[in-house]
Structure formats: structure tokens, C-alpha cells
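The values are calculated or read from the model by the stated rules, or taken from the named source; none is laboratory data. Everything numeric in this text was worked out from a predicted model, so none of it was measured. Please note: Cβ atoms are built from the backbone with ideal geometry, for glycine as well, and neighbour counts cover all protein chains shown.
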Amino acid sequence: MNRSRRQRIEKAVDAYLAKLEEIKEDLINVLTEVKDEEEEAYYNMPESLQDGEKGEAMQEAIDALDYAVSEIEEEPDFSELYEACGLIC
């Protein structure tokens, strides 16, 4: 593959990854906001409700959102994408 075609591919891959990063940041922001709102609602409810079924369900949702954020924040490995396109990482 000549240099010009390789550069076109690299530019397209880089643009794709930049868009993914933007979407990832947006998703993390929404999940974090919802988790924070759920935590605030949980801590503002009476202790008797916190210990009940509703409180447990809210805590499970908070934990799930926290886990989702941590999973999304992990850096994916796109080396296979670059390799498949004939690019050097």
C-alpha cells in the first residue's frame, strides 16, 4: 500500500476513534449524573426506607451505574484495528 492510501486510512481511523472518545465522554457524564441523582435521592430518604426493598434497589442501581462507568473508562485496545488496516501503532 502506498503512503497516500495509508495516510487516508490513518486519518479515517483517527477520526473514528475521536468520535468514539467524544461519545464515551458523553455517556460517562450522563451515567455519572444519574448515579449522583440516585445517591442524593437515596440519602434524602428516611433510614427506614433505605434499609427496605426500595432502598436496596436504589443502592443496587447506584452500584451498577458506578460499575458501568468504571468499565467504560477502561482504555480499549485498538491495535488490532490499526493492524487490520495495515497501520503501525
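Just a few scattered comments:
- Count of residues meeting criterion [surrounded by 12 or more Cβ atoms within 10 Å (Cβ to Cβ) and either touching a residue at least 40 places away in the same chain (Cβ under 8 Å) or within 30 Å of residue 83 (Cα to Cα) (or both)] in the stretch 26-58: 3
- Lone unmet requirement of (1) more than 23 Å from residue 10 (Cα to Cα); (2) surrounded by 12 or more Cβ atoms within 10 Å (Cβ to Cβ) for residue 20: (1)
- Hits in the stretch 1-25 (condition: free of Cβ contacts under 8 Å to residues at least 24 places away in the same chain and aliphatic (A, V, I, L, M)): 12, 15, 18, 20, 23
- For first residues located in the stretch 66-89 and charged (D, E, K, R), partners that are modelled with pLDDT of 75 or more and surrounded by 13 or more Cβ atoms within 10 Å (Cβ to Cβ) and lie 6+ apart or on another chain with Cβ distances below 7 Å form the pairs 66/35; 73/28.
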